[in-house]
Amino acid sequence: MTTQRLSSRSEPATQTRSLYSSPSRAWTLLLLVFFAVHFVALFSPSLLDDADATHAQAAQHMAHTGDWVTLYVNGIRYLEKPPLPYWLAAIDYHIFGYNVFATHLPMTLGVLGCALLAWFWSRRAYGDRAAFYAALAVLTSVGVFLWTRFLIPESLLTFFVMLALFCFFTGLEDRKPSRFYIAYASLAVALLAKGLIAPVFFAAAVIPYLIITGEWRRWREMRLLTGFLLFLAIGAPWHILCGLRNPDQGHPVGNIPHPGNVHGFFYFYFINEHFLRFLGKRYPHDYNKQPWFAYWFGQLVWLFPWSLFIPAAVVRAWRNRRVFASDLRSGSIRSVEFLGAASSARVRFRARTGLLLGIYAAFILVFFAISTNQEYYTWPAWPAILIMIAGALAAVEEAPDRDPRRINDSSKWLTGMHAAFAVLGMAAAAALAWGLWTARHLPYIPDIGTLLAHRSVGNYSLATSHFFDLTGPSFAALRLPAVIAAAALLVGPFAAWRLRRRNHGFEATTSVSFTLAIVLIAAHIALVRFQPMLSSKAAAETINHIASTPGNHQYQLIIYGDQASGSSVIFYTHHQALLAHGSKNYFEPRLGANGQPREATFGSSMIWGSDYPDAPHIFMADPGLLAKWATGPRIFLFVPGEFHDHVEQLMDEHGKKMYELQEISDKTLYTDRPL
């Protein structure tokens, strides 16, 4: 009977192990998660206003004109960003057309690349189980999902910097100098993805690592000179060409540009956008710094649900601190005699992986805690942290019982966090159920923007500000995703806790991640429901439809406010827009060349490029708008909600008649004559 019991208990464990120890089976499951959570999300919602469609405009201009050096947004030089994400999107546009799938595909492939790299690195350092967990963690973490919903280069930056670290690290460990060249090339590509922070992050991790381990003595093997030349050969040409094509204009006065007297690319990109931004002195000052509590608590949110396992990982690391210190020195004659050469090298690789990734992640977190920051700036640290969490969790689950140096699968640290997650899941499910109950008699309204409050948390400068505008009635538009999320949070965490209590560690961990995968799918459905509020594609489709009718082919598009407020209109109409406004409290006043106030005042993303002499005249104040109204070609006027009352009062006072074509959320599209 004893033999039967042992065999019945070992059979499921063997089947479980065969899942993550077989690369083909493991990646079949991982790819299913990737397609369900990330790939399917490429097709909707439409491009969002602000950064998403603004950056897409730059890639669109590149694809239209073939100018692969200078970025342009709405006809104005856009010198803030490196080119790699826009090169990739422009190539996609030639293949797939101008759509959201083509725009976001490079970022999503960056996520898959991070998952693959996490799997390879973790498999060698920690084993098959940790490799599966690390890849799964990248694919199911809240932050990784949220911050690939719009066109930002963080996933590309992260992949190439991590690849550079991995190749440099394994080049040292395996004594294969050719890998150093891959590291330098990857670092150059990362430079083209996000700028100077790529080599800064790399150096900030590698230099302390080399000093601590004593590997700096092998500097001759690192191909420093030829590697640096390779780095320059890949990374420098675009910077040089962009500097030559966008030189200083006139004699700039201080940091603030003036028409015809503006710093060129080299000052703007390297000094203003890197050094002064870090110090919080960038001009214009339009970047925030999160409160310290929100910043550090946010890291737990972005790493969720895998941040649940951080306490167990920290406790294990503390209990094994002396073992870790000795493992770093594995490879000595004594350790080789005791463990064997292969085991000694494996132990050292594991310990040094933790050291390198720990330094790398810690530097990034501290760097952005000091600098100005947005929620997604710490993206590059997340895969490194997730690899360490996965390694620690796998070691805990595979640890033998009654080993005083370690905590094992039945540890209170794991079961306690599972219990906390179960309670949190039930609370979240109850909150969603309450929202659904309060909205049970309300009809479904496609335009969720009409149901939201406008609480202006963080003055809408944070990427998550609109989350705080949710109201009870808004659940009428969110029934399906709310039901899916509530069901997953009610069942999944409780099931994971029960599995952990019964020492089914692998099943418990994967239950947590699959729960979040379902929640992220529900979150994407909810994001699609927010499309009328976050995107203006519907207004662009209205314009395109009218413009396709006889007599309306020639028209003028005007956005009242900053171009970011209607950037998706510009993208989907493929039409340059004039920018008009009259609120000098919202926009920054500018001086003309004669020291007198300029007619136009406009948003920050257009300031530097608009001061070049060849910049198109797309800016106007209220008198310019009034002079154009109902004269010449048909005008389409796109008005964001904050300017709606002002525009109506302005037109009424001057006897100008507006014809409303469409109102979506708080945005209105007008024309100047009947259809």
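The values are calculated or read from the model by the stated rules, or taken from the named source; none is laboratory data. Not measured: the values here are computed from a predicted model. Glycine also receives a Cβ, built like all others from the backbone with ideal geometry; neighbour counts cover every protein chain displayed.
Overview of values
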| item | result |
| --- | --- |
| Any hit, the stretch 639-655, residues being of a type in the set (Val, Ile, Thr) and modelled with pLDDT under 90 | no |
| Matching residues, the stretch 126-149, being farther than 18 Å from residue 161 by Cβ and either among the hydroxyl-bearing types (Ser, Thr, Tyr) or surrounded by fewer than 24 Cβ atoms within 10 Å (Cβ to Cβ) (or both) | 126, 127, 128, 133, 140, 142, 145, 146, 149 |
| Condition met for residue 445 (at pLDDT below 65 and in a loop (DSSP other than H, G, I, E, B)) | no |
| Filter result for the condition that a residue is assigned by TED's automatic domain parsing to the domain that holds residue 271, touching a residue at least 12 places away in the same chain (Cβ under 8 Å) and within 25 Å of residue 390 (Cα to Cα), over 118, 188 | 118 |
| Some residue of the stretch 100-112 being touching a helix residue (DSSP H, G or I) at 6+ places or on another chain (Cβ under 6 Å), surrounded by fewer than 17 Cβ atoms within 10 Å (Cβ to Cβ) and in a helix (DSSP H, G or I) | yes |
| Any hit, the stretch 124-143, residues being farther than 24 Å from residue 517 by Cβ and either out of contact with any Pro (no Cβ under 9 Å at 6 or more places or on another chain) or not in a helix (DSSP H, G or I) (or both) | yes |
| Any hit, the stretch 350-369, residues being farther than 21 Å from residue 133 by Cβ, crowded, with 17+ Cβ neighbours inside 10 Å, at pLDDT below 90 and not polar (S, T, N, Q) | no |
| Residue under evaluation residue 111, criteria (1) closer than 30 Å to residue 347 by Cα; (2) free of Cβ contacts under 8 Å to residues at least 12 places away in the same chain; (3) of a type in the set (Val, Ile, Thr), criterion not met | (2) |
| In the stretch 201-211, residue surrounded by the most Cβ atoms within 10 Å (Cβ to Cβ) [restricted to those that are over 18 Å from residue 170 (Cβ atoms) and either in contact with a helix residue (DSSP H, G or I) (Cβ under 6 Å, 6 or more places away or on another chain) or in contact (Cβ under 8 Å) with a residue 24 or more places away in the chain (or both)] | 201 |
| So residue 329, is it over 31 Å from the mean Cα position of the chain (by Cα) and either more than 20 Å from residue 125 (Cα to Cα) or at pLDDT 85 or above (or both) | no |
| Residue that is farthest from residue 671 (Cα to Cα) [pool: residues in the stretch 535-556 that are buried (at least 22 other Cβ atoms within 10 Å of the Cβ) and touching a residue at least 60 places away in the same chain (Cβ under 8 Å)] | 535 |
| Count - residues of the stretch 650-671 that are surrounded by 14 or more Cβ atoms within 10 Å (Cβ to Cβ) and either in contact with a strand residue (DSSP E or B) (Cβ under 6 Å, 6 or more places away or on another chain) or assigned to a strand (DSSP E or B) (or both) | 10 |
